[in-house]
Amino acid sequence: MCPNRQHCSHFHLHTMSEAEMNSYRFNSGQDPTDEMLAQIMREAAEDAKRRHEEATKKYFEELRLGADEQQAKWADRINEVKNGNC
């Protein structure tokens with residue numbers, strides 16, 4: 001943090017320690033500091049990004065499995081027709 005914060009226009013990213021973050025509770029009756037809010041928002045954004053990436057990966061894996069199943073089903077049906085087993 002800037003030692004002369006009142007007269008400083010710089011934006012500082014400060015990573016708080018886990019102990020500092022754990023010391024704050026939203027129901028504590030005190031407002032979080034700017035650093036605490038920034039850390040909370042950064043962690044929330046990182047978590048949302050990770051969960052989105054995991055969900056996207058799972059979605060496309062399931063989509064690919066479904067497509068493979070349908071392809072195998074239709075390949076079997078085509079072979080039945082070719083072989084006169086309809």
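Only the coordinates and a few stated rules stand behind these numbers; no lab work does. Bear in mind that the values here come from a model prediction, so they are computed numbers and not experimental data.
Here the extension length gained between ALA19 and THR56 equals 10.0 nm, from 0.36 nm per residue of separation less the Cα-Cα distance. How would region 45-86 be classified by its alpha-carbon gyration tensor: rounded, prolate or oblate, with rounded meaning a/c under 1.5 and the a/b versus b/c comparison settling the rest? The shape class here is prolate.
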